[in-house]
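One structure is given here, and the rest of the page talks about it.
Please treat every number below as a calculation from the coordinates, not as lab data. Because the structure is predicted, anything quoted here is derived from the model rather than measured. As a convention, Cβ positions derive from the backbone with ideal geometry for all residues, glycine included, and neighbour counts pool all protein chains shown.
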Amino acid sequence: MIKPQTLAYYSKKILAILNNITKIGRGCILLIKYPMLIGFHVAKLPFFCELNDWNLIATPLQSTLFINKVKSSNKYEVKCDSDMNEEESNDNNNEDDNYVEDNMNIIEFERFNDIQPKISALTIFDLCCNIEDKMLFPLLSSFPCIVAPLKVLEALKTSQFIGALENEENCDVIIKVGEEPKELRAHSFVLRTRCPYFKRALSEDWEEKDDDGNFIFKKPNISVEVFQLILKYLYTGIADFSQHSKEMILQCLVAADELGLDKLIDQIQDDLINNEEFTYKDPVSTLKVIYQHEPFERLKDYCIEIISKEPMILFSSKNFSELEKEIIIMILQRDDLDMEEIDIWDSIIRWLFVHNLKFDDDNFKLSSEDIANFKNTTKEFIPLIRFYDISREEFYLKVYPYKDLLPKDLLNDVLRYHMVPDSTPMLNFKPSRDRKHKSILIDNKVFMRFAKWIDKENEDYTKKTMPYKFELLLRGTRDGFGAEKFHQLCDDKGATISFSRVSNNKKQIIGGYNPLNWYQTDGYASSNDSFIFNITDISDPNSAKVGRCNNSNNAIYYHSSNGPTFGSGHDLRAQGNTWSTSNGSTYSSVSLPSNPTIDEYEVYRIVKKRSLQNT
C-alpha cells in the first residue's frame, strides 16, 4: 500500500504541473471552458461531494483524483486521511522517504473561476508523459476515472482538444492510409499513450522518419475515413457511429482489432448488438468479417443466435454463395437452427453451383472427376443435414437427382426408411433439430395458409415471402390440457393460434386465431380479425374452412377456467381435453364436430419476422 504522505506528495506534484500550465505562452487551445477544481479528494470529507459533476473511484486509501466543475473561486487545505493506524504510519516513516516532508499530507485545492489564461491540453500530455519520477506513472494508473495521459481525457471530451488534431499543431507523426495514400498527422505522445500498437512501435527505434524527424507509418489496409474516426477516438475517447454505415462500422471494428483498441472493440460490439437491425442487413458480409477475428466472439455468437432463429435472412440472401464453407458448417452444426432440412439442402446445392461451375443443373450428369470433386466439397456438409426429416416426396424430387453426392449406405437407408412402413433409421445420424415452431399436427404448408388468412390475402405465401414466425407456447401432451397451464404459458403473449386434433379422426384439426392477448379475467374482447377454422383432412389444405367474425364485440372470451375460447355461446371453447362447440352467431359456420374429445393441441405465438417488420 502506498503511504498517505507519499500519495499526498505526488498528488500535489500533479497539481503543480497542471497549475503551472497556466503560465505557458499564448496561442494554446482552451482546455476547460468552465470553472474547475482539479486535485486529490479524500472521501471522508462529504462536503466536497458533488456527485452530479464527477465520478468517484475507490482506492485502497479511499481516495480519488478528479476534475470537477465548481461555482466559485476558493482555496482549501485538506488533510489526507488514511486507513492505516498511527503505529503503522510511524513505522513506514522510517523508510527512505526523506524527500517527503511532514507537511506534505496537506493538499491544496484551488478553484479556478477565471477561464483565462488558456490551458494547453497538448502540454498536459507532454509534461505528464515526460515525468522522470518512477512512482508517478503507477500512482496515476491506479485512478481509472481520470483520462490523460493515463486518464485526463474525460475533461478533454468537453474541450476543443480535437482542434489540435485538426489544426495539426506540433504533430510529429505522419500516417499514410488507404490504397491511394493520404497523409494524416498526429502527436506521438497521444498515440503512444492511447494505443497499444503505437506504444510498441514508438517505444522502439522506428527507422522510417522524414527529414524533419517525423515518424512515418503506412496503413494501406485502413481507409482514410476509418482512420480519421480512430484518431478522433484516440484524442477524445469518444466514438460515435450513429451517422455511419454498417460497412464503415465493421471496418472500424477491424481497424480497432489491428491497433489493439480493446475498449473500442467492446463499445462497437455493444452498439451493434443493441442495434439488432444490423444483423438483418446483409448478414453475409457481417459474418465474413467477424468470423476472421477472435476478439469479435461475442458479436459472432449474437449473430449466429439471430440467424438460428431466422435462418432465411441468411440462406435466402443473394450473397449466400459468398460465404466460406467453414461459416456454413458452423451454422449447420446448430441443433436449434429453425429451418426445414430440404431448404438447407437446396441452399447447399445452390452454393455448389457457384463454387463448381461445371455442375449442370439441367441434366444432372456428372463425370467421374466431377463426382469426386463434389463429394470432396460436400463431405463435411452431409453429416450435418438431417436427411430422415425430409419428406419422401421432397427427397425424391430434390435430393435423389444428386444421389452420387451421398454415401451409398446413407442413400440406401433413407430410401428404406421412406419405402418400408414403420421403419426407423439404421444409421447413427444427428437427431431432428429442436425447432421452436415444429408442429406434430401441421406442416409448413398449413402455416403458410394460415398466414394468408391472418393477413386476409388471396394468394398463399411462399417460404421466402412468409411474414411470420410461429413459436410454440404449449403442447397438450407435453404441458397438459388444463386451463391453468394454458394461462400460465399463453397469457400476455400477443397474437396466438390454437390447433387441436380430434381424437376419433386423426386427420381433423380444429381451432381459432386470436389477434389479442389472452387473459384470465372474465369477459369478452372485441376483434374484427379473429377467426375459427375446421380442417377435415390435414393432408389436404384445401379441405380447410375459415369462419370470420360476424359480431366483433363478442369475438374473444376470457375465463380462468377455460382455454382458448371464441364467440358468444360459445362457438368454440376449450376445457381440458374436451372442447365444446355450437353454431353461434359470432362466427360463420365451419361445421365443427359436436363437442369433440381432443388428444392433442398446440398454441403458437405469431411474431412478425424482424426482416420484414419495416417493409
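Going from the fewest other Cβ atoms within 10 Å to the most, the residues Cys549, Cys171 appear in the order Cys171, Cys549. What the Cβ-Cβ distance of Ser367 and Arg298 gives, at R0 = 41 Å and to the nearest 0.05, is a FRET efficiency of 0.35.
With the simple spin-label model, which puts each label point 7 Å out from Cα in the Cβ direction, the Leu516 to Asp211 separation comes to 8.4 nm. Sorting Asp422, Asp370, Asp409 from the fewest to the most surrounding beta carbons within 10 angstrom yields Asp422, Asp409, Asp370.
Scoring 185-192, 524-531 by mean Cβ neighbours within 10 Å over their residues and listing the highest first yields 185-192, 524-531. When each of Asp301, Asp479 is scored by the number of other beta-carbon atoms lying within 10 Å, the sequence from fewest to most is Asp301, Asp479. Over all directions, the projected convex hull of the C-alpha atoms in region 308-423 averages 7.6 nm² in area.
Inter-label distance, Lys408 to Thr465: 4.5 nm, where each label sits 7 Å from its Cα along the C-beta direction. Using a cut-off of 18 Å between Cα atoms, the listed pairs Lys288/Lys463; Lys176/Lys209; Lys438/Lys609; Lys309/Lys469; Lys507/Lys545 include Lys288/Lys463 as exceeding that distance. Convex hull volume of the Cα atoms of region 411-492, normalised per residue: 172 Å³.
Simple spin-label estimate for Ile238 and Asp336 gives 3.9 nm between the two label positions (7 Å along the Cα-to-Cβ direction from each Cα).
Full extension of the segment from Lys176 to Lys430, taken as 0.36 nm per residue of separation minus the current Cα-Cα distance, would add 86.2 nm. In region 444-612, the alpha-carbon atoms span a convex hull of 105 Å³ per residue.
Solvent-free Debye calculation, one equal scatterer per alpha-carbon of region 163-275: log10 I(q)/I(0) at 0.10, 0.19 Å⁻¹ equals -0.29, -1.02.
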